[in-house]
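I have placed the structure first, in the form of structure tokens, so that the comments after it can refer back to it.
Bear in mind these aren't lab numbers, they're just calculated from the coordinates by the rules spelled out. Computed from a predicted structure; not experimentally measured.
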């Protein structure tokens, strides 16, 4: 037990021993300035400086356009443009399908496969629209299991609330 105390005292003495840092002019040996320091002060100042530097760097990167230079981040303009292009391409795909259906119907009329009296642009465009299949609308096994789990949790919560209110 005494050895541990001696080690602690030596360590404490080492950390808190006052030292003087003196800056001298080499030619004249004139003292420019001096500090009284100990290891604990130096450690605290260095740690505080490092934390402050990390914090300032994070703030500068997070709230300025510099973040666009980091791989993985994209600019807000780029995201906006990508969203607009995705919407345009989706609408163009829909229009293209409608036009293809219309052209196919015109070809049928011109080749004589379809009578002109049955030809109506609105009905052709309606047939070109894709309706979701029943498989797309039916719930998967995972979804059904999730629904059951949520229902069990809700009934458990409702049961515990009614118990507390009684």
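Please report how far the C-alpha centroid of region 1-15 lies from that of region 32-87, rounded to the nearest whole angstrom. Rounded to whole Å, the Cα centres lie 40 Å apart. Entry note: region 1-71 has Rg to Rh equal to 1.27, where both radii use alpha-carbon atoms and Rh is the Kirkwood radius. At q = 0.16, 0.21 Å⁻¹, work out log10 I(q)/I(0) for region 41-118 with the Debye formula, treating every Cα as an identical point scatterer and leaving solvent out; two decimals please. Normalising to I(0) and taking log10 leaves -0.80, -0.96. For region 2-69, the relative contact order comes to 22 percent (Cα pairs under 8 Å, sequence separation of at least 6).
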